[in-house]
Structure formats: C-alpha cells, structure tokens
C-alpha cells in the first residue's frame, strides 16, 4: 500500500509559467510534510516544508498548499525557470521517519 | 550538506559477494537513515538508527543489515548481493529544524551495480 501518492510523474512547463505538483497521503499520523528537490547525480535537498496546522507556506517562488481534510498537499513553483528543472519529491513524516512519493520530473523550457 | 559523506561513491560487484557501504557524519546527529532510490519508486527506507547500536528496519530491509558502533558512522551491508539490489543508496541524517520538527538531510549517494 503506497502511503504517499504523487502526481504527475513528469511535467513540462514554459519559462515563467506555474508548475504544480500534487501529493496525497493516507496516514493521519503524519505530522510534517516536506518537499525535496533533486538534481541529477546529487542527493535530495530539502526545499520547503509544512506542518498540518498551517494551510499554506510560501518561500520565495515556492508555495506549499495543504488541505488536511482531503489529505492532500501540493507544491506550486511560480515564475518557473530553467534552473528549476529537477526531480521533486514530496514526503510525509511521523516520529522521525519519512515516506516519500515516487517523484515528479520537472522540465522548464526556455 | 550537514557534513555527510558516503563511500564508495560508485561500486560494481558480482552477484553473491558481500558489500559494505559507509555513511559518515561530522555533526553528531543521533538519527541516521539508509534509503535506496530506484526509477519510479522514489526513496524507500532500508534501515535507520536512533543511536549507537540502536537500529530498526524500514520498508525494504530484506537482504540488508546495518551497524552503528559509533555516532559518526552508519554502515549498510549486503551480505550476498543480488542484481535486484542494483540501485543508488542514500544516507541521511535528521536534525531539528527551525519549524521545530526533525528535518532530513541527504548525503551524495552511492551508485551500486550488481552484475
């Protein structure tokens, strides 16, 4: 049973556009929802994260929207840039352990 | 980068041979993790440690063992490597972030190929 489902698997966006990646989770015990960015040949890097008592968190061009009742959360990348091209993973954490989505490969075309 | 190094960074081995991957951290973090990353599967937890000699299994622990004899080192061993264990292996640490929750930080990874 996959506890964190991520979509889409891949995404192509024009420079300046908005990239949206969605995740859904099953376990209501999760209490922390981070997003990671990974470039080829590198380890995942923490990008932005949210706790379930907050519905939205914004850091620069990156925003997490969180819907606790629907058990869904999403990453929005505003004004997408070619340098944002990477693989993005959502995760759901509880008691120090994280469950990851399968990843979304984002390509931003110049 | 949270002071995490992994060795080796690349390894090619043959089926049936033992393999040990090393994760080393310099910041005295209590929690350490081993993940594997495969196309279409994201990151899956193999084992984790919450202190010296304290370890527990993750979701894909079969065929793997771990040891942590000192805080800075977390070893992952494949007792008898199989082709299904060809993967990229990431070590991670957990530390308290600004939000008051434990945040994970990853090492650079080890690419393992089992022929």
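Please treat every number below as a calculation from the coordinates, not as lab data. Values in this document were obtained by computation on a predicted structure and should not be read as measured data. Cβ placement follows ideal geometry from the backbone for every residue including glycine, while neighbour counts extend to all protein chains displayed.
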query: Wholly within segment B:1-86, which strands (runs of 3 or more DSSP E) include no fewer than the required count, namely at least 2 residues that are in contact with a strand residue (DSSP E or B) (Cβ under 9 Å, 6 or more places away or on another chain) and over 26 Å from residue A:94 (Cβ atoms)?
result: B:4-7, B:10-13, B:19-25, B:73-78
message: Could you go through segment B:69-89 and let me know if any residue there is under 11 Å from the mean Cα position of the chain (by Cα) and within 14 Å of another protein chain (Cβ to nearest Cβ).
response: yes
message: Can you report the number of residues in segment A:73-94 which are surrounded by fewer than 21 Cβ atoms within 10 Å (Cβ to Cβ), part of a loop (DSSP other than H, G, I, E, B) and in contact (Cβ under 8 Å) with a residue 40 or more places away in the chain?
response: 3
- prompt: Considering segment A:6-41 alone, what residues qualify as being under 22 Å from residue A:81 (Cα atoms), part of a loop (DSSP other than H, G, I, E, B) and under 16 Å from the mean Cα position of the chain (by Cα)?
  reply: A:8, A:9, A:18, A:39
- request: Given the conditions (1) under 23 Å from residue A:101 (Cβ atoms); (2) surrounded by 15 or more Cβ atoms within 10 Å (Cβ to Cβ), report the number of the one that residue B:71 does not fulfil.
  value: (1)
message: If the requirement is being within 14 Å of another protein chain (Cβ to nearest Cβ) and either over 25 Å from residue B:105 (Cβ atoms) or in contact with a strand residue (DSSP E or B) (Cβ under 7 Å, 6 or more places away or on another chain) (or both), which of these qualifies: A:7, A:19, A:65?
response: A:7
- prompt: Does residue A:53 count as in contact with a strand residue (DSSP E or B) (Cβ under 7 Å, 6 or more places away or on another chain) and under 28 Å from residue B:33 (Cα atoms)?
  reply: no
